[in-house]
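S.K.: Please read through the structure below; I'll follow up with questions.
The values are calculated or read from the model by the stated rules, or taken from the named source; none is laboratory data. On a predicted model such as this, the values are computed, not experimentally measured, just so you know. Don't worry about glycine lacking a Cβ; one is built from the backbone with ideal geometry, like all the others, and counts go over all protein chains shown. Heavy atoms of the whole protein, side chains included, go into the accessibility calculation; ligands, DNA and RNA do not. Shrake-Rupley method; radii C 1.70, N 1.55, O 1.52, S 1.80 Å.
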Amino acid sequence: MLENSNLILQYSPVIMLVLVYFIQLKIFVTPQELEKKHREILLEAENRFASRITVHDLKDQITEIKDKIDKIYNCFLSKKQE
């Protein structure tokens with residue numbers, strides 16, 4: 001037992017140096033920091049990307065616009081043939 005504690009005391013400066021290095025590089029994080037970063041990523045994704053519902057609605061609107069343009073084009077063609 002005494003041998004183990006002497007070994008720990010001998011290597012304690014190295015252990016402390018490694019721990020301080022890990023803390024400075026933020027290798028160990030707290031759950032609060034992880035939750036904060038998770039919220040930041042979700043907010044950024046919301047601002048940067050469209051939701052599936054929005055994309056689906058836009059596709060429907062584009063389809064309606066195309067149908068209306070086709071109707072107008074057909075109306076012009078029918079008037080021209082008369």
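S.K.: Which helices (runs of 4 or more DSSP H) does the chain wholly contain that include 1 or more residues that are without any contact (Cβ under 8 Å) to a residue 40 or more places away in the chain and in contact with a helix residue (DSSP H, G or I) (Cβ under 9 Å, 6 or more places away or on another chain)?
M.R.: Filter on the chain gives 2-24.
S.K.: Under the condition of being open to solvent by less than 90 Å² (accessible area, probe 1.4 Å) and among the hydroxyl-bearing types (Ser, Thr, Tyr), which residue from segment 1-37 is modelled with the highest pLDDT?
M.R.: SER12
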